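Structure, as structure tokens:
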Amino acid sequence: MKNAVGREIPDNIEGIGKVKPYEGAFKNIGAIEKTKVKVSSKLPNEDKVLSSIRESIIKCGLKDGQTISFHHHLRNGDHVLNMVLKEIDELGIKDITVAASSIFPVHQPLVEYIKKGVVTGIYANYISGPVAEAISLGLLKKPVVMQSHGGRARAIEEGDLHIDVAFIAAPTCDTYGNINGVDGRAACGSLGYAIPDAMYADKVVAITDNLVDYPACPIEISQEYVDYVVKVDSIGDPNGIVSGTTKITKDPVGLKIAKMAAQVIKASGLLKDGFSFQTGAGGTSLAVAAYLRDMMKKENIKGSFASGGVTGYIVEMFEEGLFDSIFDVQCFDLKAIESYRNDKRHQGMSASMYGNPHNKGCVVNNLDVMILGATEIDTDFNVNVTTGSNGIIMGGSGGHNDTAAGSKLSIVVTQLTKGRLPIVVDKVTTVTTPGETIDVLVTERGIAVNPNRKDLIEKLKGTNLPIVTIDELKKTAEELTGVPEKVEFDDKIVGVVEYRDGTIIDVLKKVK
Amino acid sequence: MKLRRSMLFMPGNNPGMLQNAGILGADSVILDLEDAVALTEKDSARILVRNAIKTLRFYNSEIVVRVNPLSTEFGYEDVKEIAQVKPDAIMVPKATEEDIEGVDKILCEIEEKMGFEKGSIKLFPLIETAYGLENVYTIIEASKRVTGVLLGAEDLTNDLGIKRTKKGKEIFYARSKVATSCRALGVDAIDTPFTDLDDREAFIKDIKKAKSIGMTGKAAINPRQIDTIHDVFAPSEEEIEYAQRVLEKMEEAKRDGLGVFSLDGKMVDAPIINRAKTTIEKAKLAGLI
Amino acid sequence: MKILKPAKAGTYESNDIYIMIQPNDNGIKIELESIVMKQFGKRIEEVIKETLEKLEVKDAYVVAKDRGALDYTVSARVETAVKRAGVEK
């Protein structure tokens with residue numbers, strides 16, 4: 001059947017089961033039920049500290065066919081996922097599903113475990129590098145399930161994604177399982193993505209290289225959720241975890257796009273006291289913040305909050321009083337970590353609080369403006385950030401479709417062409433975020449507004465910004481690049497893209 | 001009215017930069033075949049720039065091509081190849097009267113052959129030698145095609161055997177000379193680029209200095225410089241307000257059938273009215289009104 | 001016309017294409033590598049052929065390594081390579 005963004009979705013997918021197609025961004029909101037959690041309660045004299053990862057796997061009773069989870073705050077510096085899978089392989093356990101909030105190039109060893117059948121299923125919000133390529137080539141037994149940050153939290157809380165054992169990389173942990181991310185050599189700041197795992201997994205193992213005396217305050221994930229604690233030499237490489245500084249682009253095209261995006265925000269009327277804002281850590285997205293910073297200072301505007309994965313640049317704006325607070329699900333650099341550690345108004349949030357559409361209200365619902373990227377965007381404003389135009393997985397939603405749905409104004413900033421590839425196309429290779437939740441596309445050669453946003457079109461008419469239709473942008477792009485040939489795919493489904501509400505918005509095919 | 005506040009240099013042998021030259025907001029782009037191109041790549045840059053002009057859109061930016069000096073083996077070859085795709089103007093480095101006359105002649109031939117309107121390809125002498133500076137007036141007069149002059153202070157100070165400084169005291173005379181000759185003959189006077197990209201304050205001072213002497217625009221070597229140049233060359237709020245009052249008063253006088261009128265106790269004559277109109281046009285183009 | 005000697009043009013920078021051209025006995029032979037092979041491989045070969053045709057080159061062996069060049073760059077680099085190689089009438 002065709003879903004609400006016109007994608008052909010099978011009723012049943014082998015390895016996934018019956019499929020519920022995407023019906024619309026807000027069609028599945030309302031009464032839901034959260035799942036029950038199994039808890040193995042502890043006696044007063046029980047010790048939680050175990051001697052090795054292997055011992056923790058055995059004590060948790062991990063079996064063939066079960067699901068284990070990881071969080072990705074250590075990003076491309078993470079050692080934990082690889083260490084755990086090595087032990088699982090050596091113990092001869094097979095048919096494991098890995099539910100990692102994200103997977104990076106550092107997780108290359110996973111490819112071998114996929115080939116050996118140790119790992120047969122993957123859930124993730126973002127995958128880049130060798131694992132992504134292996135999945136697109138059809139090596140993984142079951143289709144990968146690509147979720148969003150909010151959608152993953154939802155799936156865990158509703159029991160759609162049942163985690164048997166959660167392995168939590170803990171920059172600092174005490175002997176009774178209290179965890180924080182702000183201290184230790186692998187400090188990464190907020191642990192927001194790990195919180196649903198800790199609360200809903202049957203068993204929770206904290207893996208730390210900084211085991212401290214009880215209690216490890218401040219506490220982000222508390223002892224009430226943690227079954228075991230394991231000390232290892234290193235949970236991650238600090239160089240891969242955080243960058244020293246996140247930098248604004250120097251590329252003149254990126255700067256031009258950013259400047260126009262800031263002018264769109266101003267024209268929208270949202271840039272006033274109480275303004276709330278989120279942007280990515282990419283150079284162009286961050287440059288939007290730089291232009292807003294100047295505007296806010298000039299007009300003496302005091303914002304309410306900035307949210308998301310947080311960079312030092314956003315922290316600087318916060319410290320200058322341009323925002324009252326920060327909601328932080330993940331820190332991108334050392335400055336963000338330091339601020340998160342020291343300033344109470346730099347507030348941590350869980351993945352669920354951030355973007356779960358099925359709780360009693362997530363932070364994205366309070367966002368005025370969201371700045372997003374795109375690998376492709378089509379003339380219906382559907383955005384792909386999951387696959388390249390060659391069909392190979394190279395990312396995923398992360399918070400893309402959560403923030404697009406929640407914010408009052410979602411703006412996609414991108415160059416109109418990259419290399420020789422047009423970014424505005426007839427049909428995106430993969431739909432990650434439905435066009436009905438995208439309001440504006442800003443490119444260096446023009447700005448297109450979603451025709452549904454008549455109010456915005458009116459407001460932008462009064463400016464000298466280059467407003468065109470998205471079809472015109474597509475034409476301009478193709479004038480430069482030519483019309484690309486259609487990439488052909490195998491019929492085999494290697495993955496599904498789950499919208500944040502759990503419906504299927506698209507499927508991923510094996511590349512030829 | 002076409003403004004020429006900023007002229008942005010773009011290297012001629014870089015396809016990625018040529019593709020984006022027209023979207024950076026510069027009033028003119030100078031596609032450079034001279035200093036930005038290695039000796040061994042002169043042939044490839046010439047062909048690439050020719051193709052770029054033929055196929056790419058430059059939107060509202062004027063297309064100027066800086067050819068190699070006509071004294072080199074590349075200069076006239078550049079002119080012949082590039083003129084066939086009809087750029088808005090050709091910039092001639094180390095220009096002399098003979099150079100300008102020589103290029104003018106070739107352009108006439110090519111325009112005739114290609115069926116372009118006669119005189120449609122303009123010329124931009126680059127004044128960067130002591131000889132050129134002393135003879136800037138006659139160089140401009142050498143062809144009706146000359147539409148503006150660019151002062152090149154790096155080569156000029158080299159020719160003069162003096163040191164180029166950030167403060168630019170040493171080029172005061174050159175700026176005054178170029179600006180005055182240009183104003184006298186009604187062509188644009190474009191100031192030499194500022195090379196320190198990190199010193200924004202000194203950059204602003206430098207543009208203001210050039211403007212105060214009578215320069216009408218400034219060359220840029222980096223797209224980041226464009227907004228700053230436009231800001232400085234934009235009319236000030238007082239200038240705009242005064243111009244608006246002049247034009248209002250003029251309308252009023254017209255209605256009342258008055259030939260001459262005064263504002264703030266001063267007689268308003270044709271030059272003041274023309275200046276007011278120009279100010280308003282500039283302000284509109286800069287998005288200020 | 002025939003290519004006289006091997007010649008090169010272009011660079012490995014993004015948005016550019018590196019062209020090597022050599023004499024060949026019978027006809028045009030093109031070996032293309034591209035970062036957008038699936039989407040634009042055919043088109044790039046077409047532009048190379050069209051450019052050679054326009055320059056009346058009938059026999060040539062062309063090796064092209066593309067980094068996302070647009071048509072105008074592809075044809076400029078091929079033309080430069082041909083001019084550098086020299087042709088026998």
ask   = Along the principal axes of its C-alpha atoms, what lengths does the stretch A:303-349 span, in descending order and rounded to whole Å?
value = 21, 18, 16
key: Where N is the number of residues in the stretch A:218-356, Cα Rg divided by 2.2 N^0.38 Å   = 1.18
query = Which whole-number percent is the relative contact order of the stretch A:382-493 (Cα, under 8 Å, 6+ apart)?
reply = 28 percent
request  = Write out the GluC sites (Glu not before Pro) in the stretch A:425-506 meeting two conditions: DSSP loop, and at most 10 other Cβ atoms within 10 Å of their Cβ.
outcome  = A:Glu488
message = For chain A, take the longest principal axis of its alpha carbons; what is the angle in degrees between that and the long axis of helix A:80-90, to the nearest 10 within 0 to 90?
response = 50 degrees
query = To one decimal place, what orientation-averaged projected area in nm² is obtained for the convex hull of the Cα set of chain A?
reply = 22.3 nm²
ask   = Angle, helix C:37-54 long axis vs. longest principal axis of chain C, Cα atoms, 0 to 90°, nearest 10?
value = 30 degrees
query = Under the Kirkwood approximation applied to all pairs of distinct alpha-carbon atoms, what is the hydrodynamic radius of the stretch A:135-286 in Å?
reply = 18.6 Å
query = Which of the pairs A:Lys27/A:Lys302; A:Lys259/A:Lys459; A:Lys259/A:Lys427; B:Lys208/B:Lys277; A:Lys38/A:Lys59 have their Cα atoms more than 26 Å apart in this structure?
reply = A:Lys27/A:Lys302; A:Lys259/A:Lys427
message = I want to verify a result. In a Gaussian network model of chain B, Cα cutoff 10 Å, which of these has the top mean-square fluctuation: B:Asn20, B:Asn158, B:Asn274?
response = B:Asn274
task = Stick to Cα atoms and the Kirkwood definition of Rh, then tell me Rg/Rh for the stretch B:160-238.
result = 0.96
inquiry  = Given an 8 Å cut-off on Cα distances and at least 6 residues of separation, report the relative contact order of chain A as a percent.
reply    = 17 percent
Relative frequency of Cα-Cα separations exceeding 20 Å in the stretch B:1-140, percent = 44 percent
request  = Mind putting a number on the dipole of the protein assembly as shown about its Cα centre? Charges go on the C-beta only, +1 for Lys and Arg and -1 for Asp and Glu, and I need it in Debye to the nearest 20.
outcome  = 820 debye
Charge dipole (debye, nearest 20) of the stretch B:145-264; +1 at Cβ of Lys and Arg, -1 at Cβ of Asp and Glu = 540 debye
ask   = Give me the log10 of I(q) over I(0) for the stretch B:118-268 at q = 0.12, 0.16, 0.20 Å⁻¹, as the Debye formula computes it from C-alpha points; what are the numbers?
value = -0.64, -0.91, -1.15
ask   = Going by a ≥ b ≥ c, the root eigenvalues of the Cα gyration tensor, does the stretch A:51-210 fall in the rounded group (a/c under 1.5), the prolate group (a/b larger than b/c) or the oblate group?
value = rounded
remark   = Taking a ≥ b ≥ c as the square roots of the Cα gyration tensor eigenvalues, with a/c under 1.5 meaning rounded and otherwise prolate when a/b beats b/c or oblate if not, the stretch A:459-499 comes out oblate
key: Most positive-pole-ward Cα, A:Gly6, A:Ser148, A:Ala281, against dipole of chain A from beta carbon charges   = A:Gly6
request  = Kindly express, to the nearest 10 degrees and within the range 0 to 90, the angle between helix A:470-481's C-alpha long axis and the longest C-alpha principal axis of chain A.
outcome  = 90 degrees
inquiry  = Restricting the calculation to Cα positions, tell me the Rg (one decimal) and the Dmax (whole number) of chain B in Å.
reply    = 20.1, 69
key: Of B:Lys94/C:Lys58; B:Lys54/C:Lys2; C:Lys8/C:Lys42; B:Lys118/B:Lys254; A:Lys94/A:Lys509, those spanning more than 31 Å from alpha-carbon to alpha-carbon   = B:Lys94/C:Lys58; B:Lys118/B:Lys254
remark   = Using the Cα gyration tensor of the stretch A:252-484, the equivalent ellipsoid's semi-axes, largest first and to the nearest Å, work out to 28, 20, 16
ask   = When each pair of different Cα atoms in the stretch B:237-283 is counted once in the 1/r mean, what is the Kirkwood radius in angstroms, to one decimal?
value = 10.7 Å
query = Which whole number in µm²/s is D for the protein assembly as shown by Stokes-Einstein, with the Kirkwood Rh taken over Cα pairs at 25 °C and 0.890 mPa s?
reply = 80 µm²/s
task = Over the stretch B:6-233, calculate the relative contact order: mean separation of alpha carbon pairs under 8 Å at least 6 apart, over the residue count, as a percent.
result = 17 percent
ask   = When the Kirkwood radius is taken over all Cα pairs of the stretch A:358-512, what Stokes-Einstein diffusion coefficient follows at 37 °C and 0.692 mPa s, in µm²/s?
value = 204 µm²/s
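Taken together, the values in this text are just the output of simple stated rules run on the coordinates, not laboratory data. If you're wondering where the values come from, they're calculated on a predicted model, not measured in any experiment. FYI the Cβ positions are ideal-geometry reconstructions off the backbone, even for glycines, and counts take in every protein chain you see.
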